[in-house]
Amino acid sequence: MIVTATEFKARCLQLLDRVKMTGERIQVTKRGKVVAELGPAEDHAKAPAKPGFAKGRLRITGDILSPLEEPWDALR
């Protein structure tokens, strides 16, 4: 479903109920371009992380396996 930002503002609570009941995703447009998408919330606590979920978002720099040169307070 596609709605304008004005329509979304006027019917926000109804649209939230619709998403909850049907699981449908709703796209919100502004000046004819999609600016947001409303969809059902995922239960992150129950769903295991999918392999590759952070691909392209994380970058490891340096050596992550060697001990740190600075002492940790937790080790005292």
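The values are calculated or read from the model by the stated rules, or taken from the named source; none is laboratory data. Since we're looking at a predicted model, the values are computed, not measured. Cβ placement follows ideal geometry from the backbone for every residue including glycine, while neighbour counts extend to all protein chains displayed. Please note that ligands, DNA and RNA were not included when accessible areas were found on the heavy atoms of the full protein model with its side chains. Shrake-Rupley method; radii C 1.70, N 1.55, O 1.52, S 1.80 Å.
Just a few scattered comments:
- Per-residue 3J(HN,Hα) values for region 14-30, derived from phi via the Karplus relation 6.51 cos²θ - 1.76 cosθ + 1.60 with θ = phi - 60°, read 5, 5, 4, 4, 4, 4, 5, 6, 9, x, 5, 9, 10, 9, 10, 10, 9 Hz in sequence order (x marks Gly and Pro).
- Among the lysines of the chain, pairs that are 8 or more positions apart or on different chains and have alpha carbons within less than 25 Å of each other number 8.
- Sites matching chymotrypsin sites (Phe, Trp or Tyr not before Pro) across the chain that sit in DSSP coil, with at most 13 neighbouring C-beta atoms within 10 Å: PHE53, TRP72
- Note on the chain: with charges restricted to the Cβ of Lys and Arg (+1) and Asp and Glu (-1), its dipole about the Cα centre is near 580 debye.
- Residue order for THR4, THR29, THR61 - accessible surface, 1.4 angstrom probe, largest first: THR61, THR4, THR29
- Built amide H within the under 5 Å cut-off of THR4, gap 5+: THR29
- Volume per residue that the Cα convex hull of the chain spans, once the total is divided by residue count, Å³: 228
- Annotation for the chain: GluC sites (Glu not before Pro) lying in DSSP loop with at most 11 further Cβ atoms inside 10 Å of their Cβ are GLU42, GLU69.
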